[in-house]
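Notes follow once the structure below has been shown.
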Amino acid sequence: MKSSWLSCYRGLPLQVGAFYALLIGILRRTIFQPTSTTTIITTLWMGFVLTISFMEAWVKFRAPFLPRHYALDVGRTVFPVLNAVEVALCGHLWWTVAKNSRSLIMATLILLSQVIYMTPQLVLLGKHVIVHAFASKEPSNWSPSQRDTFETLAADVKQTKRPSGKLHIVYVLQELVKVILLATIVRNFQTGL
């Protein structure tokens with residue numbers, strides 16, 4: 001069965017996203033001052049993007065003993081979780097912003113394009129690389145869970161065309177624009193614009 005974009009977000013991403021939605025909801029009601037809620041949530045969102053997209057991912061691919069397909073396996077796990085957390089933060093941000101914000105609208109549109117198209121395509125690209133890396137010989141020391149996961153990946157890959165690696169460039173540019181938009185939201189809120 002061909003995987004849908006929703007399959008990217010089942011399990012761990014949904015759990016972590018729900019955790020952050022609940023946590024931010026509790027913090028909004030108990031600790032955050034109403035006047036600082038927008039700044040805190042936006043800064044937290046920006047922090048996640050900067051930490052994952054512009055540090056963890058970049059550094060991971062420079063680890064000298066980490067094979068590329070292992071790094072992509074980490075990425076195909078981490079980025080759907082990041083998107084789920086971003087959706088939770090974005091939802092809370094929409095709830096707290098009283099006026100229309102062009103920057104928030106644009107950041108939300110970028111996030112939606114990532115959730116619906118970009119991340120699932122990059123996850124699929126990672127699956128193709130992983131399956132190709134182990135095509136000649138699966139490790140004999142794999143656990144039953146790893147074997148099941150690999151079989152699922154192999155089935156997904158058989159039914160799909162390999163996405164272009166150029167999508168990474170588009171994703172990084174989207175992340176850069178999103179960070180600028182989030183910084184603009186903080187600046188505008190702080191200056192009362």
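The values are calculated or read from the model by the stated rules, or taken from the named source; none is laboratory data. Not measured: the values here are computed from a predicted model. Backbone-built Cβ (ideal geometry, glycine too); neighbour counts: all protein chains shown.
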(request) Check every one of the helices (runs of 4 or more DSSP H) wholly within the range 1-84 and list those with 1 or more residues that are farther than 19 Å from LEU124 by Cβ and within 14 Å of the chain's Cα centre (by Cα). (result) 12-30, 37-51
(message) I'm checking my understanding of the structure. Among residues of the range 85-105 that are among the aliphatic types (A, V, I, L, M) and more than 17 Å from the chain's Cα centre (by Cα), which one is surrounded by the most Cβ atoms within 10 Å (Cβ to Cβ)?
(response) LEU93
(message) Would you confirm whether or not the range 112-131 contains a residue that is surrounded by 15 or more Cβ atoms within 10 Å (Cβ to Cβ) and at pLDDT below 90?
(response) no
(message) Among the residues of the range 62-80, are any surrounded by fewer than 19 Cβ atoms within 10 Å (Cβ to Cβ) and touching a Phe, Trp or Tyr at 6+ places or on another chain (Cβ under 6 Å)?
(response) yes
(request) State all residues of the range 85-117 that are charged (D, E, K, R) and part of a helix (DSSP H, G or I); if no residue qualifies, say none. (result) GLU86, ARG102
(message) Please determine whether any residue of the range 161-172 is surrounded by 18 or more Cβ atoms within 10 Å (Cβ to Cβ), under 15 Å from the mean Cα position of the chain (by Cα) and in a helix (DSSP H, G or I).
(response) yes
